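Inspection log for the structure reproduced underneath, given as structure tokens.
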Amino acid sequence: MEVSFAKEIEMLRQGAGETFHGEGILAITKAVLQSGVAYVGGYQGAPVSHLMDVLVQAKPYMDELGVHVEACANEASAAAMLGASIHYPLRGAVTWKSIVGTNVAADALSNLASPGVTGGALIVVGEDYGEGASVIQERTHAFALKSTLLLLDPRPELSAMVRMVEHGFALSEASNMPAILELRIRACHVRGSFECKDNRPPPVSTRQMMIEPANFDYSRLSHPPVTFAHEKLKITERIPAARRYIVEHQLNEFLPGARGDVGIIVQGGLHNALVRALQQLGLADAFGEAELPMLVLNVTFPLVPDEITRFCAGKRAVLVVEEGAPEYIEHEIIAALRRADLQTPVHGKDMLPVAGELNAELLATGLIAFCERHLPQAPLDAGRAWLAANAERRSAVAAALEKPLPPRPPNFCIGCPERPVFSAITLAQKEVGKVHIAADIGCHAFATFEPFSLGHSILGYGMSLASRAGVSPVMERRVLSVMGDGGFWHNGLLTGVQSALFNGGDAVLVIMKNGYTSATGTQEIISTPDEDAKANAEDKQQSIVHSNQVIETTLKGLGVQWLRSVNSYDVTKMRKTVEEAFTTPYAGLKVIIAEGECQLERQRRIKPWIAGLLKTGQRVMRVKYGVDEDVCTGDHECIRLSACPTLTIKDNPDPLKVDPVATVIDGCVGCGLCGENAHAATLCPSFYRAEMIRNPKWHERLIGAWRRTVIGWMQPA
């Protein structure tokens with residue numbers, strides 16, 4: 001990866017007596033090292049912020065500690081790493097984004113949870129839930145319940161988060177259960193400080209290796225008949241051991257309040273939003289001290305019935321603040337109270353939204369309903385006024401607009417090599433007809449938005465070719481599947497390509513070979529161009545992904561016979577290749593590899609190079625495209641075909657023409673797509689290509705001066 005985390009890596013070296021200042025995810029990383037972890041892994045293409053990115057770049061320091069770092073091919077391979085903790089006293093941590101990553105890892109996690117672990121096993125997941133989520137709306141809680149995994153949901157404050165990481169390993173060892181620590185995106189980026197401890201080199205590590213393997217123990221396998229005993233152990237030994245540890249070390253927090261006759265039970269990760277809502281109601285001060293007692297669940301599974309009953313006993317009512325549906329925690333709390341014959345009224349989803357992220361406004365609305373019923377003497381006027389003012393501001397903004405703002409869907413980066421591929425597919429469909437398109441996770445999913453609107457399904461990362469298997473047999477035209485090189489290595493190679501070849505599928509697959517797992521931060525993959533290729537590129541301004549032929553070699557080795565590699569920016573050739581794939585008599589799998597380096601990485605690569613040339617006074621030529629406003633007809637088909645943010649409109653300079661003309665604004669990176677589209681689609685010839693030269697040679701200066709003179713002669717006085 002090109003982004004440097006050198007500063008963050010140095011922060012990981014802090015020891016006892018020093019104070020860490022920074023963001024949450026880096027505090028988690030530091031806590032992992034303070035806990036004596038022996039190995040860490042994760043899928044870089046589904047990062048929890050930049051946890052894996054930092055650890056991968058910190059490999060020299062990890063080697064000093066004896067910590068093994070593995071950048072895994074997908075979440076399943078990361079979860080399988082934790083198998084090291086089944087037999088050996090090795091603490092291991094892996095990370096990915098949930099719930100989609102947890103779904104991919106499900107097989108390994110179930111087989112890990114059955115025999116249990118000896119060394120502490122911690123899974124740090126990004127709980128991608130709510131308005132800012134990029135995935136399907138599900139919660140990790142269901143998976144923890146299903147497989148009997150510890151679920152930690154730390155209060156978003158750095159010292160509390162670090163404490164839960166350290167106890168997470170110990171709790172895992174005490175109960176023999178793997179632990180999941182879930183972090184919402186806001187917790188990853190919350191800032192604060194905590195007192196550091198020294199990083200602990202693991203007792204068994206890459207520097208202190210084991211000589212002999214563990215003795216064979218059939219009971220440690222997830223295989224019948226011992227799996228039947230494992231199920232009983234989960235209930236009779238592991239959960240009770242976990243509950244004892246939770247109580248002994250006070251992992252869940254009891255926060256007192258002046259109004260002790262009611263209370264709130266809240267997931268740890270929602271504590272900050274809850275306090276914010278209470279502050280607006282006048283029920284908490286500026287330091288977060290609330291008037292209502294709270295039970296903060298930093299461990300949401302397993303719950304401790306004794307803690308629940310102790311908190312609820314003697315209260316007139318309790319509000320359970322739980323995010324999402326179903327309300328697992330609320331149901332379990334009600335069951336625990338009724339078993340203890342406590343009739344304390346419990347509220348939750350009857351006063352709070354059933355699904356979705358719980359922000360301060362939603363929580364304040366629920367708290368007002370709760371207080372009106374059980375705490376009528378509470379001064380709620382300030383809270384009602386705050387909510388009314390927010391609603392009034394929204395209404396004022398809506399009234400000030402003549403009409404609602406147009407939607408602004410996500411878009412490809414300027415110069416993205418994937419945009420021209422979808423332009424070519426759009427043009428090809430005019431010849432072969434509309435086709436079913438199986439889309440995929442990744443940057444290319446932006447093509448599902450306007451103006452392309454290409455894609456009928458997204459079934460998981462790398463699953464596009466597999467998802468067309470049920471459509472192809474009943475469709476007259478061939479089905480097109482699109483996946484990135486990241487998705488290809490993550491899942492697509494086996495679930496898609498291998499399956500299509502085995503079953504003789506007559507399908508078309510486009511692989512976006514941009515060289516990285518780009519959508520999540522341009523993490524490197526096996527087909528990323530190596531450093532030598534980047535350094536020795538003859539023309540640093542051109543794509544270099546063609547230098548790595550691993551995808552092509554793999555496909556040929558697997559038996560793909562119809563294979564084409566096309567420059568992504570060559571719209572005409574790409575269009576003809578797509579048309580050929582849909583019309584060829586060959587009935588097997590047809591693969592088109594669209595080669596074009598990720599534009600973000602290309603810019604990171606060439607900008608320092610260009611800056612170096614300019615610094616030494618060398619010639620630098622930059623290509624820029626523009627539109628001749630006298631030729632532009634104003635039909636804007638070029639914009640609809642490319643949707644490049646730098647290709648927009650401006651007022652027509654001709655007073656006799658009404659339609660605005662197209663224009664290329666600053667920010668153009670000179671990819672040439674606008675001109676390619678104009679040629680491939682036979683649009684008006686209004687685009688021009690200009691070469692902007694800095695530090696020109698003497699003869700270029702002379703030619704430039706002569707051109708300006710001639711143009712001056714031709715211009716009217």
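The values are calculated or read from the model by the stated rules, or taken from the named source; none is laboratory data. Predicted model only: the values in this text are computed from it and were never measured. In this analysis, Cβ positions are derived from the backbone assuming ideal geometry, glycine residues included, and neighbour counts consider all displayed protein chains. These accessible areas exclude ligands, DNA and RNA; they are computed on the full protein's heavy atoms, side chains included. Shrake-Rupley method; radii C 1.70, N 1.55, O 1.52, S 1.80 Å.
Out of the helices (runs of 4 or more DSSP H) lying entirely within segment 476-561, which hold 2 or more residues that are farther than 29 Å from Leu613 by Cα?
499-502, 550-558
Can you spot a residue in segment 45-55 that is in contact with a helix residue (DSSP H, G or I) (Cβ under 6 Å, 6 or more places away or on another chain), among the hydroxyl-bearing types (Ser, Thr, Tyr) and within 20 Å of Ala170 (Cα to Cα)?
no
I'm checking my understanding of the structure. Among residues of segment 327-384 that are within 25 Å of Glu127 (Cα to Cα), part of a loop (DSSP other than H, G, I, E, B) and of a type in the set (A, V, I, L, M, F, W, C), which one is most open to solvent (accessible area, probe 1.4 Å)?
Val354
Determine if segment 108-117 includes at least one residue that is touching a strand residue (DSSP E or B) at 6+ places or on another chain (Cβ under 9 Å) and either open to solvent by 20 Å² or more (accessible area, probe 1.4 Å) or charged (D, E, K, R) (or both).
Within segment 108-117, none of the residues are touching a strand residue (DSSP E or B) at 6+ places or on another chain (Cβ under 9 Å) and either open to solvent by 20 Å² or more (accessible area, probe 1.4 Å) or charged (D, E, K, R) (or both).
Under 8 Å by Cβ, and 6 or more places apart or on different chains, what pairs join a residue from segment 393-409 that is in contact (Cβ under 8 Å) with a residue 40 or more places away in the chain with one that is assigned to a loop (DSSP other than H, G, I, E, B)?
Pro409/Phe449; Pro409/Glu450
Do you know which residues across segment 485-512 are under 14 Å from Cys443 (Cα atoms) and either in contact with a His (Cβ under 6 Å, 6 or more places away or on another chain) or surrounded by fewer than 24 Cβ atoms within 10 Å (Cβ to Cβ) (or both)?
Met512
Regarding His546, is this residue crowded, with 24+ Cβ neighbours inside 10 Å and over 23 Å from Val435 (Cβ atoms)?
So His546 fails the test.
Does Ser453 meet the test of being within 30 Å of Asn491 (Cα to Cα), surrounded by fewer than 18 Cβ atoms within 10 Å (Cβ to Cβ) and at pLDDT 90 or above?
yes
Here is a list: Ser472, Ser467, Ser499. Which entry is within 25 Å of the chain's Cα centre (by Cα) and small (Gly, Ala, Ser)?
One residue alone meets the criteria, Ser467.
For segment 1-26, which residues satisfy the criterion of being at pLDDT below 90, out of contact with any Ser or Thr (no Cβ under 7 Å at 6 or more places or on another chain) and open to solvent by 40 Å² or more (accessible area, probe 1.4 Å)?
Val3, Ser4, Ala6, Lys7, Glu8
Please identify the pairs in which a residue from segment 594-617 that is touching a residue at least 40 places away in the same chain (Cβ under 8 Å) has its Cβ atom under 7 Å from the Cβ atom of a residue that is of a type in the set (Phe, Trp, Tyr) and open to solvent by 30 Å² or more (accessible area, probe 1.4 Å), counting only partners at least 6 apart or on another chain.
Partner pairs satisfying both residue conditions: Gly596/Tyr569.
Pick from segment 86-107 the residues that are farther than 27 Å from Met209 by Cα and not hydrophobic (A, V, I, L, M, F, W, C): which of them is most open to solvent (accessible area, probe 1.4 Å)?
Of everything passing the filter in segment 86-107, Asp107 is most open to solvent (accessible area, probe 1.4 Å).
Those residues that are open to solvent by 40 Å² or more (accessible area, probe 1.4 Å) and β-branched (Val, Ile, Thr), I need them from segment 520-535; list them, please.
Matches in segment 520-535: Thr520, Ile526.
So, in segment 90-124, exactly how many residues are under 23 Å from the mean Cα position of the chain (by Cα) and in a helix (DSSP H, G or I)?
Of the residues in that region, 9 qualify.
Can you spot a residue in segment 423-433 that is assigned to a loop (DSSP other than H, G, I, E, B), basic (Lys, Arg) and open to solvent by 60 Å² or more (accessible area, probe 1.4 Å)?
The answer is no; no qualifying residue exists.
Only residues that are in contact with an Asp or Glu (Cβ under 8 Å, 6 or more places away or on another chain), open to solvent by 60 Å² or more (accessible area, probe 1.4 Å) and under 25 Å from Leu82 (Cα atoms): list them for segment 177-204, please.
Ile185
Among (1) in a helix (DSSP H, G or I); (2) out of contact with any His (no Cβ under 9 Å at 6 or more places or on another chain), there is one condition Ser219 misses while meeting the rest; what is its number?
(2)
Inside segment 125-151, can you point out the residues that are among the small types (Gly, Ala, Ser), crowded, with 24+ Cβ neighbours inside 10 Å and outside any strand (DSSP E or B)?
Listed by number, the list holds a single entry, Ala144.
Residues of segment 436-450 being open to solvent by less than 10 Å² (accessible area, probe 1.4 Å) and part of a loop (DSSP other than H, G, I, E, B), which ones?
Answer for segment 436-450, where residues must be open to solvent by less than 10 Å² (accessible area, probe 1.4 Å) and part of a loop (DSSP other than H, G, I, E, B): just Asp440.
Go through the residues of segment 276-287 one by one and say whether even a single one is at pLDDT below 95, open to solvent by less than 20 Å² (accessible area, probe 1.4 Å), assigned to a strand (DSSP E or B) and more than 24 Å from Glu182 (Cα to Cα).
Yes, some residue in segment 276-287 is at pLDDT below 95, open to solvent by less than 20 Å² (accessible area, probe 1.4 Å), assigned to a strand (DSSP E or B) and more than 24 Å from Glu182 (Cα to Cα).
Which residue out of Glu166, Glu131, Glu127, Glu157 is closer than 25 Å to Thr19 by Cα and either within 23 Å of the chain's Cα centre (by Cα) or hydroxyl-bearing (Ser, Thr, Tyr) (or both)?
The conditions single out Glu157.
Which members of segment 652-683 meet the condition of being open to solvent by less than 50 Å² (accessible area, probe 1.4 Å) and touching a Phe, Trp or Tyr at 6+ places or on another chain (Cβ under 7 Å)?
Val664, Cys668, Gly670, Cys671, Gly672, Leu673, Cys674, Gly675, Ala678
Only one residue in Val69, Val48, Val37, Val56 is open to solvent by 30 Å² or more (accessible area, probe 1.4 Å) and either outside any strand (DSSP E or B) or over 22 Å from His230 (Cα atoms) (or both). Which one?
Going through Val69, Val48, Val37, Val56 in turn, the sole match is Val56.
Looking at segment 204-226, I want the residues that are over 21 Å from Ser114 (Cα atoms) and have a partner that is at pLDDT 90 or above and among the β-branched types (Val, Ile, Thr) with Cβ atoms under 6 Å, at least 6 apart or on another chain. Which pairs are those?
These pairs meet every condition: Met210/Val204.
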